[in-house]
Amino acid sequence: MIRRVVLILSLFIALPLAAREATPEWGHPDSAAIASANAQATDAGLEVLRRGGNAFDAAVAVSAALGLVEPESSGLGGGGFFLLRRASDGKVIFVDGRERAPLAATRDMFLDPATGEPKPLQTVDGPLAAAIPGLPAALVHVSKNYGRVSLADALAPTIRMAERGWRFGEKNAAMMGWRKAVLAADAGSAALFLKNGETPEQGARMRNPDYARVLRLLAEKGHDGFYAGDIATRLVEGVRAAGGIWTQEDLAAYRVVEREPLVFRHGVRTVITAPPPSSGGVALAQTLQMLDGFDWSKQSEIQQLHLRIEAMRRAYRDRAIFLGDPDFVEVPVALLTNPAYAAGLRASINPVRATPSDMLPGITKTERPDTTHFSIIDAEGNLAAVTQTVNLPYGNAMVIPGTGFLLNNEMDDFSIKPGVPNAFGLVGDDANAIEPGKRPLSSMTPTMVIDADKIAVLGTPGGSRIISMVIQGVLSLDSGATALQAAAQPRVHHQYLPDEVSIEPGALSDETRAGLEALGHTIKVEPRTWGNMQVVLWHRADGSIEAGADPRWKNVGKGATTEGSIFR
Ligand code: GLY
């Protein structure tokens, strides 16, 4: 039991020295670590490391397993970003497995032709909400190009778990509370996830042989195991029968894109993070570079919060205006991430007064909390930061019979009607308007931070709040937080519009809150916490390694500590 709890938070495995390839300039840590949102997924990664896999094989294993045991967050019907750093040559890679709009998608497809207004719920529930999945292609690509063991070996633990059963947990149940009615309305989802129409008991064993079959097809046939043949046919026929617009061509045409990661300086540190179609890396770069111009350690707590809020306000505004799929729109990444541009934005920050957002014209889009992230460092020093999603909890709540996975509702990440709030009060812009084959703008921000003392791999789910959480995570690691402390930080968020500072319950003392209000900030205490941050840290001086999984969810190992979790 104790060992089980230990495995829940983070897993460390010592590999024989002979198996390690030293990295010329970095050396290697003394063990490997995985931090993920679910112990069963972490176990899958650990097993693959034990069998001789590297961090990239383990990433494939954890990714596939999360799709099984955390279906509310991600899966084969969704997409993800794999940020990798290979120890042997220092190559950094960003594998973009983001979903794409179907080729028959149109800019106004979610608008009622009579009124020109968004049709309620169509971007969220049912067949039109689903974009073409990218995660299966990413698994095949990462395994083939960066893994050491076969895809079959990397997928084996999840295939076994799908056949024998996985354990339904607290987070599965909590998220199902929001989506049960829509899951119940879909025969495939109801059969796979509900027990007599109800949420399963926590601890219930869930079997999913269809998921195992799809993974076997991927292992056997690679990309075509999903994007051609039986699975592709089932998906297209199932989506179309329900009123959707997918075609075989959509699936046949899907490819991951390898993009240059976004790399920038943050004080003495180098940050490696997600480029577009994520908006997260650009906003992270802008915010941290604005803050780099202040003498941070000399600021009071209130002043640090004020400056962080003001920097986020400006970065989130630019995000809304400029960011979209770089294969479709020109995103001025070099300009937005230039320190000189950050200096200009910094100069507009009033150190003693909040800037009302309506003095910074622009638009923004709020995304909902969902998604999942995991971080891995192996004993050779390979790094993997992976954030993956089906968008809202349990995606579009559709399981096409015989497939074993939910489809996403990533179409909701597009601007449904540029400049005008959609059915959920969300507004967007032209850069992120729907176009056939386009990737919707994402906030997913898998990130690595490197300095002379340590190497950190981190990320989190949480919709548009992902970015503010990663900013906060980086700043807390800068000031010496452990991996667990960084993951546990009470959260404070501002995203330009609405012009308010969202905080977790208890995140700020009354005094700090009053201090921010005196500077002109509107504070909104949210009813619940958010995010699920996963951090792995490698201390370069002694090679030690630690992992911190967000303690907000019990099934990631509340309160577990590094000392208790080293596995040798
Ligand atoms: N669907 C959440 C995101 O990509 O940011």
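The values are calculated or read from the model by the stated rules, or taken from the named source; none is laboratory data. Just so it is clear, the structure is predicted and the values come from calculations on it, not from any experiment. Glycine gets a Cβ as well: all are built from the backbone with ideal geometry, and neighbour counts include every protein chain shown.
Among the residues that make up the range 317-325, is at least one of them under 25 Å from the mean Cα position of the chain (by Cα), closer than 25 Å to Ala384 by Cα and small (Gly, Ala, Ser)?
Among the residues of the range 317-325, at least one is under 25 Å from the mean Cα position of the chain (by Cα), closer than 25 Å to Ala384 by Cα and small (Gly, Ala, Ser), which makes the answer yes.
Conditions (1) within 16 Å of the ligand (Cβ to nearest atom); (2) part of a helix (DSSP H, G or I); (3) among the β-branched types (Val, Ile, Thr), marked per residue:
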site: Tyr211; (1), (2), (3): no, yes, no
site: Leu217; (1), (2), (3): no, yes, no
site: Val239; (1), (2), (3): no, yes, yes
site: Arg255; (1), (2), (3): no, no, no
site: Ile272; (1), (2), (3): no, no, yes
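Would you mind finding the one in Ala104, Ala87 that is in a loop (DSSP other than H, G, I, E, B), more than 27 Å from Asp430 (Cα to Cα) and away from the ligand (no atom under 16 Å from the Cβ)? Show your work before the answer.
Details: Ala104 fails: more than 27 Å from Asp430 (Cα to Cα).
Criteria check complete, one pass: Ala87.
Please go through the range 83-101 and pick out each residue that is out of contact with any Gly (no Cβ under 7 Å at 6 or more places or on another chain) and crowded, with 24+ Cβ neighbours inside 10 Å.
We begin by selecting, within the range 83-101, every residue out of contact with any Gly (no Cβ under 7 Å at 6 or more places or on another chain); these are 83-86, 88-96.
Across the range 83-101, the qualifying residues are Leu83, Leu84, Arg85, Val95, Asp96.
Got at least one residue in the range 283-304 being surrounded by 20 or more Cβ atoms within 10 Å (Cβ to Cβ) and over 21 Å from Ser468 (Cβ atoms)?
Step one: filter the range 283-304 for residues surrounded by 20 or more Cβ atoms within 10 Å (Cβ to Cβ), giving 283-291.
With over 21 Å from Ser468 (Cβ atoms) added as a condition, the list becomes none.
For the range 283-304, residues surrounded by 20 or more Cβ atoms within 10 Å (Cβ to Cβ) and over 21 Å from Ser468 (Cβ atoms): absent.
Please state which one of Asp186, Asp210, Asp224 is surrounded by fewer than 18 Cβ atoms within 10 Å (Cβ to Cβ) and of a type in the set (Asp, Glu).
Asp224
So the check is Cβ under 6 Å with 6+ separation or different chains; which pairs have a first residue in the range 498-523 that's touching a residue at least 40 places away in the same chain (Cβ under 8 Å) and under 18 Å from Asp358 (Cα atoms) and a second one that's of a type outside the set (A, V, I, L, M) and surrounded by 14 or more Cβ atoms within 10 Å (Cβ to Cβ)?
Going by the 6 Å Cβ cut-off, the qualifying pairs are Asp499/Ser357; Val501/His494; Val501/His521; Leu519/His306.
So Arg3 clears everything in (1) at pLDDT below 95; (2) more than 29 Å from Pro209 (Cβ to Cβ) except one condition, right? Which one?
(2)
Are there any pairs with C-beta distances below 6 angstrom linking a residue in the range 389-401 that is modelled with pLDDT of 95 or more to a residue that is of a type in the set (Lys, Arg) and more than 8 Å from the ligand (Cβ to nearest atom), with the two at least 6 apart or on different chains, and if so which?
From residues that are modelled with pLDDT of 95 or more, the pairs are Tyr394/Arg179; Ala397/Arg179; Ile400/Arg234.
Could you identify the single residue in Ala315, Ala340 that is within 16 Å of the ligand (Cβ to nearest atom) and aliphatic (A, V, I, L, M)? Show your work before the answer.
Numbers: Ala340 fails: within 16 Å of the ligand (Cβ to nearest atom).
When all the criteria are applied, what remains is Ala315.
What strands (runs of 3 or more DSSP E) lie completely within the range 454-568 and have 2 or more residues being in contact with a Lys or Arg (Cβ under 9 Å, 6 or more places away or on another chain) and modelled with pLDDT under 95? Working first, answer last.
Numbers: elements: 454-459, 501-503, 523-525, 534-539, 545-549.
Passing ranges: none, list empty.
Sort through Leu288, Leu335 and tell me the only one that's within 30 Å of Ile545 (Cα to Cα) and modelled with pLDDT of 95 or more. Talk me through it step by step, then tell me what you get.
Values: Leu335 fails: within 30 Å of Ile545 (Cα to Cα).
Only one candidate qualifies: Leu288.
Scan the range 439-457 residue by residue and report those that are surrounded by fewer than 24 Cβ atoms within 10 Å (Cβ to Cβ) and within 16 Å of the ligand (Cβ to nearest atom).
None; the set is empty.
Each row is one residue, and each column tells you yes or no for (1) touching an Asp or Glu at 6+ places or on another chain (Cβ under 7 Å); (2) away from the ligand (no atom under 16 Å from the Cβ); (3) over 22 Å from Asn391 (Cα atoms).
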residue: Val470; (1), (2), (3): no, no, no
residue: Thr482; (1), (2), (3): yes, yes, yes
residue: Ala486; (1), (2), (3): no, yes, yes
residue: His493; (1), (2), (3): no, no, no
residue: Gly543; (1), (2), (3): yes, yes, yes
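Do we have any residue at all in the range 312-320 that's part of a loop (DSSP other than H, G, I, E, B) and among the hydroxyl-bearing types (Ser, Thr, Tyr)? Show your work before the answer.
To start, the set of residues in the range 312-320 that are part of a loop (DSSP other than H, G, I, E, B) comprises none.
The answer is no, given that none of the residues of the range 312-320 is part of a loop (DSSP other than H, G, I, E, B) and among the hydroxyl-bearing types (Ser, Thr, Tyr).
Hey, among Asp413, Asp430, Asp370, which residue is more than 10 Å from the ligand (Cβ to nearest atom), at pLDDT below 95, among the charged types (D, E, K, R) and under 28 Å from Thr287 (Cβ atoms)? First the steps, then the outcome.
Working: Asp413 fails: more than 10 Å from the ligand (Cβ to nearest atom); Asp370 fails: more than 10 Å from the ligand (Cβ to nearest atom).
Sole residue among the options that is more than 10 Å from the ligand (Cβ to nearest atom), at pLDDT below 95, among the charged types (D, E, K, R) and under 28 Å from Thr287 (Cβ atoms): Asp430.
So how many residues does the range 255-275 have that are of a type in the set (Val, Ile, Thr) and either surrounded by fewer than 22 Cβ atoms within 10 Å (Cβ to Cβ) or closer than 14 Å to Gly97 by Cβ (or both)?
Going through the range 255-275, the residues of a type in the set (Val, Ile, Thr) turn out to be 256-257, 263, 268, 270-273.
This time we only want the ones that are either surrounded by fewer than 22 Cβ atoms within 10 Å (Cβ to Cβ) or closer than 14 Å to Gly97 by Cβ (or both), so: 256-257, 263, 268, 270.
The number of residues fulfilling the criteria is 5.
Within the range 458-468, can you find the residues that are within 15 Å of the ligand (Cβ to nearest atom) and among the aliphatic types (A, V, I, L, M)?
Passing the criteria: Ile466, Ile467.
Out of Pro157, Pro136, Pro200, which single residue is surrounded by 14 or more Cβ atoms within 10 Å (Cβ to Cβ) and part of a loop (DSSP other than H, G, I, E, B)? Quick ask: steps written out before the conclusion?
Numbers: Pro157 fails: part of a loop (DSSP other than H, G, I, E, B); Pro136 fails: part of a loop (DSSP other than H, G, I, E, B).
Going through Pro157, Pro136, Pro200 in turn, the sole match is Pro200.
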